[in-house]
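To keep things clear, I will list the structure first and then write my remarks on it.
The values are calculated or read from the model by the stated rules, or taken from the named source; none is laboratory data. Here the structure is a predicted model, which is why all the values come from computation and not from measurement. All Cβ positions, glycine included, derive from the backbone under ideal geometry; neighbour counts span all protein chains shown. Heads up: the accessible areas ignore ligands, DNA and RNA and are worked out on the full protein's heavy atoms, side chains in. Shrake-Rupley method; radii C 1.70, N 1.55, O 1.52, S 1.80 Å.
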Amino acid sequence: MKHKILNYKTLLILVLCSYCTAQTSDFIVTKSFDTISVEKVSITDHYVKTVINGKKNKYNIDEIISYYISKENKHYERVKNPQADKIKAKQIDRYDYRALETAHIDDYEKRIEYKFFNRLTVGRVKLFKKVVPLPTSGNMHQGNFHSSYEDVTYYISVYDSKLELINYNQGLELNNYNNDLKMTKNVYELLQIYLHGNDEIENKLEKLFLSKPKSNEEQIIDLINEYNSWVEVKKQ
């Protein structure tokens, strides 16, 4: 029993250290699980562009499963576009120019099969963060806009299952754009479903929910990673 507890704690430390310690360079991971160090990586809706030894390379988006940006210390993972299934065809008045423009954007979005989201956890339960800058001046579509605000969306899944949107009902005041994840009632009830089977984790989850001020994103990430480490030990 003591040996198993030691394995659990050791694995937790290794997972957190390996994930949180910044790598020295950017890299991409291909669908065949080859890791390739790159000098630069950038993403479009259909391609992953890299610079390797001063040479530009371009991959189809379905050839790359993840990438890492060293200066941000952030991992990005390819996921099915969660918006594609929500956009449905609708009848539009041909003289309603605003609706026609929106329909054109929706139609384009439906054709985007994959997105890359920032993956915040390691293991069974995956927590993702999508950040979109909100334009405050300039033209976002032309790329010459300036923004100090961000629209932040969180998703959760088990391994590669369909992403579930986290409606964390932040209850923010008007013009308050601090949208980082908090342990609201909605988040607590959702995590009760995803982090099941471990009494210790469930007790920690309840304490985080009852704490004041509300537990933040970092505390939630740590708890999910602790649960994921426990899951890995159970497999042994």
- Net charge of Cβ neighbours under 14 Å - reference PHE116; Lys, Arg +1; Asp, Glu -1: +3
- Report the net charge of residues surrounding ILE28, where surrounding means a beta-carbon distance below 11 angstrom and charges are Lys +1, Arg +1, Asp -1, Glu -1. +1
- Query: Of TYR149, TYR59, which has the most accessible area and how do the rest follow, probe 1.4 Å?
  - Reply: TYR149, TYR59
- Task: Take the Cβ-Cβ distance between LYS55 and ASN118 as r, set R0 to 30 Å, and report the resulting FRET efficiency rounded to the nearest 0.05.
- Result: 0.65
- Message: Let's test the formula: R0 of 41 Å, r as the Cβ-Cβ distance of ASN186 and THR24. What FRET efficiency results, to the nearest 0.05?
- Response: 0.60
- Item | Nearest-0.05 FRET efficiency for GLU206 and SER42, computed from C-beta distance (R0 41 Å) | 0.45
